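As structure tokens, the structure follows; a few thoughts come after it.
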Amino acid sequence: MDWQSAKELRDKIRTGETSSVEATEAVFERIANSEPAIGAYISTFEKSAIDKAREIDKRIANGEAVGELAGVPVAIKDNMCTTFGTTTCASKILKNFHAPYNATVVDKLIAADAVIVGKTNLDEFAMGSSTENSSLKQTVNPWDIKRVPGGSSGGSTAAVAAGLCCAALGSDTGGSIRQPASFCGVVGLKPTYGRVSRYGLVAYGSSLDQIGPITRTVGDCALMMNVITGHDEKDSTSVSESVVPACNYLEKLDEPISGLKIGIVPGLNTGSDSDVQKAISGAIEVYKKLGAEIIEVEMPHFDYAIAAYYVIATAEASSNLARYDGVHYGHRTKNPKDYIEVYTKSRAEGFGKEVKRRIMLGTYALSSGYYDAYYLKALKVRNLIRGDFTKAFERCQAILMPVSPTTAFKIGEKVDDPLKMYLSDIYTIAANLAGVPGISIPCGFDKNNLPVGLQILTPAFSEDKLLRISRMFEAQTDWHKKKPAIR
Amino acid sequence: MGKRIDQTEVRKVAKLSRLDLSEEEIAEFTGQLSAILDYVAKMNELDTAGVEPLAHCLPISNVFREDVVKESLGTEKTLANAPDRDGEFFKVPKILEEP
């Protein structure tokens, strides 16, 4: 069994054209065939998934009401807490951690009657751009197994691209949904900060992290957003619905946006590979044909986003990861000679190199004598970047740019040069600093048959428009219909 | 900003970070952190005098709720992941030294 979209599958399950058991079994058959090569999952739940699918089929047969994702096999990035299975964050320090509660998004998926297939691989604690920093396994790109799937949500995007689930959740702190979505040729949305509850998401950079959907189509992305968004009193940064009303993202998805003004930033694409530039130029032409007016906007502080991000995110990470003390949960060193060694050796043994590097960088930036020069300076730069977006969005409804300067790079290519790896996030980070939503949608392929993603950014809390603008493009193109050979 | 970080400073930061790093890691991190901090110094090109620091992209303020008793996780769930426990307590090596 094969299908293009989660929504289509859901509708077929509802009408009885197919069953959730049939769909779920097909997914697990593909997992049995392809997962050993792709390595997208840290854990899978075949028995409970089939049981859940059977229950959904029975309820539908009995004419009972079912949720928005009834019977659809979905996956969850393994940095979201689940009471079932483990929540590892792809880290040795949490290898055997059983969360005592579900993340709010997980509860919402369950309430929507989704069938949870498994938990996907990631860069340890979501720190990375290639999923090479996972301490547990390597995920590869389904389009070319010698290449990375992107990161940190590389497990989720590889799973969606390879048909090992119909949709997945990822988290995005500096591009960790959009960049791997671009590398794997799927749709990935980072919602506005505050739109989706972060309760139960293992914190990396709290003021930047946001959970979002990874899907094959824009419509599926809208469907997933309908399920996961909304105010959550358990997350103090979740936005109240009295401030930002709830929205049905599917309802107006296909409505054209008349008089659309789209901004592009002159000179911004020049750092990208020629194939990426070509695909983005092609996308701009599609929007022109759709009647959009393309205008030039300035983003004078964009080039400083990576510098500000790696100070702010690591500062927050150093604070968030201080909780791993070897006392309450997680790995503890064997035979510590005193309580200090419980901390220092447990952490040294449990964390991988990239996590240690970021904790060190953040601790340095927050330490006495450097706070003003690094942390405070970065927060001021963040304000300038937000100002760039505010000014640009006074003139246009959306901004187009690449997701990444390159397509998927080879495994091991950047692993020994962290700065080089960090610079690959140049186009995605600014949205997290400003809190605006951003999406990656497939917009072409390079000469190696690797997918290229188009990034679209819109003002805060305008995901409905962002999805409609994305859908306009998708409806005119076939890029999202191409599938990798490994399935 | 822009001063090169040396191994002494990296050792100090490792101590503050509660990370017991090997000599090899200290050497590796010194080079890598220097390169990253050199790059971060790029922010000095910007005049930020008079710019407000932005810790959060939304106008976040304290959130209050009624002070009502709610069910908590409970002892067993809280201790379920403890690397070592003694009955209802987390067990750690002794903290106070012999007098």
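The values are calculated or read from the model by the stated rules, or taken from the named source; none is laboratory data. Just so you know, these numbers come straight off a predicted model, no measurement behind them. We place every Cβ from the backbone using ideal geometry, glycine too, and count neighbours over all the protein chains shown.
Things to note:
- When region A:255-272 is filtered for residues that are part of a loop (DSSP other than H, G, I, E, B) and under 13 Å from A:L290 (Cα atoms), the ones remaining, listed by number, are A:E255, A:P256, A:I257, A:S258, A:G259, A:L260.
- Being closer than 30 Å to A:D388 by Cβ, out of contact with any His (no Cβ under 9 Å at 6 or more places or on another chain) and small (G, A, S) is a property that B:A27 lacks.
- Residues being farther than 28 Å from A:N432 by Cα, more than 8 Å from every other protein chain (Cβ to nearest Cβ) and part of a loop (DSSP other than H, G, I, E, B) are entirely absent from region A:338-360.
- Residues satisfying the stated conditions in region B:41-80, i.e. among the acidic types (D, E) and within 30 Å of A:F461 (Cβ to Cβ): B:E52, B:E66
- Subset of region A:92-106 (residues that are part of a loop (DSSP other than H, G, I, E, B) and within 14 Å of chain B (Cβ to nearest Cβ)): A:K95, A:N96, A:F97, A:H98, A:A99, A:P100, A:Y101, A:N102
- From B:S61, B:S34, B:S72, residue being assigned to a helix (DSSP H, G or I), more than 9 Å from chain A (Cβ to nearest Cβ) and not charged (D, E, K, R): B:S34
- Selected residue [within 8 Å of chain A (Cβ to nearest Cβ), over 23 Å from the mean Cα position of the chain (by Cα) and not in a helix (DSSP H, G or I)] from B:E97, B:E52, B:E66: B:E52
- With respect to (1) over 21 Å from the mean Cα position of the chain (by Cα); (2) in contact (Cβ under 8 Å) with a residue 24 or more places away in the chain; (3) within 7 Å of chain A (Cβ to nearest Cβ), the lone exception for B:V40 is condition (1).
- Residue among A:Y309, A:Y339, A:Y287, A:Y329 that is aromatic (F, W, Y) and modelled with pLDDT under 95: A:Y339
- Condition check for A:V452: surrounded by 20 or more Cβ atoms within 10 Å (Cβ to Cβ), in contact with a strand residue (DSSP E or B) (Cβ under 6 Å, 6 or more places away or on another chain), modelled with pLDDT of 95 or more and in a loop (DSSP other than H, G, I, E, B): no
- Pairs with Cβ under 7 Å, 6+ apart, first in region A:15-33 and touching a residue at least 60 places away in the same chain (Cβ under 8 Å), second part of a loop (DSSP other than H, G, I, E, B) and not hydrophobic (A, V, I, L, M, F, W, C): A:S20/A:G71; A:A23/A:G71; A:R30/A:G163; A:R30/A:R487
- Unique residue being more than 26 Å from A:A308 (Cα to Cα) and within 16 Å of the chain's Cα centre (by Cα) when the list is A:I145, A:I177, A:I214: A:I214
- Complete set of residues in region A:22-58 that are of a type in the set (A, V, I, L, M, F, W, C) and closer than 13 Å to A:D113 by Cα: A:A49, A:I50, A:A53, A:I56
- From A:S130, A:S171, residue being of a type in the set (S, T, Y), in a strand (DSSP E or B) and either farther than 16 Å from A:Y204 by Cα or in contact with a helix residue (DSSP H, G or I) (Cβ under 6 Å, 6 or more places away or on another chain) (or both): A:S171
- Applying a threshold of 7 Å to beta carbon distances and a minimum spacing of six or more residues, or different chains, the list of pairs starting in region A:107-126 at a residue that is more than 16 Å from A:S171 (Cβ to Cβ) and assigned to a loop (DSSP other than H, G, I, E, B) and ending at one that is modelled with pLDDT of 95 or more and among the acidic types (D, E) reads A:A112/A:E68.
- Considering region A:126-142, the residues that are buried (at least 24 other Cβ atoms within 10 Å of the Cβ) and more than 13 Å from the chain's Cα centre (by Cα) include one that is farthest from A:A37 (Cα to Cα), namely A:N133.
- All positions within region A:361-383 that are surrounded by fewer than 24 Cβ atoms within 10 Å (Cβ to Cβ), within 7 Å of chain B (Cβ to nearest Cβ) and either of a type outside the set (S, T, Y) or touching a residue at least 40 places away in the same chain (Cβ under 8 Å) (or both): A:A373, A:L376, A:L379, A:K380, A:N383
Yes or no, residue by residue, for (1) over 30 Å from B:P53 (Cα atoms); (2) among the aliphatic types (A, V, I, L, M); (3) within 14 Å of chain B (Cβ to nearest Cβ):
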site	(1), (2), (3)
A:T229	no, no, no
A:D235	no, no, yes
A:P245	no, no, no
A:V265	no, yes, no
A:S272	yes, no, no
A:E285	yes, no, no
A:K288	yes, no, no
A:E298	no, no, no
A:A315	no, yes, yes
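- Of the residues screened, A:I295 is not one that is over 26 Å from the mean Cα position of the chain (by Cα) and at pLDDT below 95.
- Scope region B:77-92; condition more than 27 Å from A:S236 (Cβ to Cβ) and more than 7 Å from chain A (Cβ to nearest Cβ); matching residues: B:R85, B:D86, B:G87, B:E88, B:F89, B:K91
- Set side by side, the residues A:A460, A:A392, A:A431 differ, and just one is crowded, with 18+ Cβ neighbours inside 10 Å and outside any helix (DSSP H, G or I), which is A:A460.
- From the list A:G67, A:G150, A:G71, the lone residue that is over 30 Å from A:S404 (Cα atoms), of a type in the set (G, A, S), touching a residue at least 40 places away in the same chain (Cβ under 8 Å) and buried (at least 20 other Cβ atoms within 10 Å of the Cβ) is A:G71.
Residue by residue, here is whether (1) surrounded by 21 or more Cβ atoms within 10 Å (Cβ to Cβ); (2) touching a His at 6+ places or on another chain (Cβ under 7 Å); (3) among the polar types (S, T, N, Q); (4) in contact (Cβ under 8 Å) with a residue 40 or more places away in the chain holds:
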| site | (1), (2), (3), (4) |
| --- | --- |
| A:G175 | yes, no, no, yes |
| A:F183 | yes, no, no, yes |
| A:Y193 | yes, no, no, yes |
| A:S197 | yes, no, yes, yes |
| A:G205 | yes, no, no, yes |
| A:K234 | no, no, no, yes |
| A:V243 | no, no, no, no |
| A:L260 | no, no, no, yes |
| A:G282 | no, no, no, yes |
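- When A:I60 is tested against the conditions (1) in a helix (DSSP H, G or I); (2) free of Cβ contacts under 8 Å to residues at least 40 places away in the same chain, the lone failure is (2).
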